[in-house]
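Asks: Okay, here's the structure, questions in a sec.
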Amino acid sequence: MGFILRLLVNALALYLLTQVYSGVFFAGGTGVGSVLIAALVMGIVNALIRPVLLLLSLPLTLLTLGLFTLVVNGVVLLLVAAVTALDTAGFGAAIVGALILTIISWLLDSLVGVLGLDGKRD
């Protein structure tokens, strides 16, 4: 059940991102299925590719005091956009979109935790 909830939260976060920021959008005529597929691909990329990118960029991340992580997150969003119906207006838009997506995901995760839907007990 946790996987499905996480997928739905990520899908909602991606959808909300496309509504609040015009630099990241879904191709015309896409439906709920496309949003769910993009969220699934985002989860897979975050689990498999992002850790490798973070490890390879560790010197730059340390040099920039962690700010290079924003670039890595933008690359992840570009990778997802390359294989799904999600699209970006460019690399800068992907970095800004990744930052906004992080904030939206954090807010939704907090809401799920407050509502007790995550199954965790205090």
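Asks: Looking at the stretch 61-98, which of its residues are among the β-branched types (Val, Ile, Thr), surrounded by fewer than 17 Cβ atoms within 10 Å (Cβ to Cβ) and over 18 Å from Met42 (Cβ atoms)?
Replies: Just the residues of the stretch 61-98 that are among the β-branched types (Val, Ile, Thr), to begin with: 61, 64, 69, 71-72, 75-76, 80, 83-84, 88, 95-96.
Of the ones still in play, those that are also surrounded by fewer than 17 Cβ atoms within 10 Å (Cβ to Cβ) are 64, 83.
Within the stretch 61-98, just Thr64 meets the criteria.
Yes or no, residue by residue, for (1) over 13 Å from Val9 (Cβ atoms); (2) in a helix (DSSP H, G or I); (3) of a type in the set (A, V, I, L, M, F, W, C):
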site: Ala38; (1), (2), (3): yes, yes, yes
site: Thr69; (1), (2), (3): yes, yes, no
site: Ala81; (1), (2), (3): yes, yes, yes
site: Val112; (1), (2), (3): no, yes, yes
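Asks: Output the qualifying pairs, or none if there are none: Cβ atoms under 7 angstrom, residues six or more apart or on different chains, first residue in the stretch 99-111 and over 15 Å from Leu7 (Cα atoms), second residue open to solvent by 90 Å² or more (accessible area, probe 1.4 Å) and assigned to a helix (DSSP H, G or I).
Replies: Cβ pairs passing all conditions: Ile100/Val20.
Asks: Within the bounds of the stretch 89-106, is there any residue that is among the hydroxyl-bearing types (Ser, Thr, Tyr) and not in a helix (DSSP H, G or I)? Even if it seems obvious, please write down each step before you answer.
Replies: Of the residues in the stretch 89-106, the ones among the hydroxyl-bearing types (Ser, Thr, Tyr) are 102, 105.
With not in a helix (DSSP H, G or I) added as a condition, the list becomes none.
No: the stretch 89-106 contains no residue that is among the hydroxyl-bearing types (Ser, Thr, Tyr) and not in a helix (DSSP H, G or I).
Asks: Same structure, new question: For residues that are within 12 Å of Leu86 (Cβ to Cβ) and either open to solvent by 50 Å² or more (accessible area, probe 1.4 Å) or modelled with pLDDT under 95 (or both), tally how many sit in the stretch 36-57.
Replies: 3
Asks: To continue, here is another question. Considering only residues that are of a type in the set (A, V, I, L, M, F, W, C) and either farther than 18 Å from Ala94 by Cα or in a helix (DSSP H, G or I) (or both), which ones fall in the stretch 9-36?
Replies: Result: Val9, Ala11, Leu12, Ala13, Leu14, Leu16, Leu17, Val20, Val32, Val35, Leu36.
The values are calculated or read from the model by the stated rules, or taken from the named source; none is laboratory data. Note that the coordinates shown come from a computational prediction; the quantities given were computed from them, not determined experimentally. With ideal geometry, Cβ positions are generated from the backbone for all residues, glycine too; neighbour counts draw on all protein chains shown. Note: areas computed on protein heavy atoms with side chains; ligands, DNA, RNA excluded. Shrake-Rupley method; radii C 1.70, N 1.55, O 1.52, S 1.80 Å.
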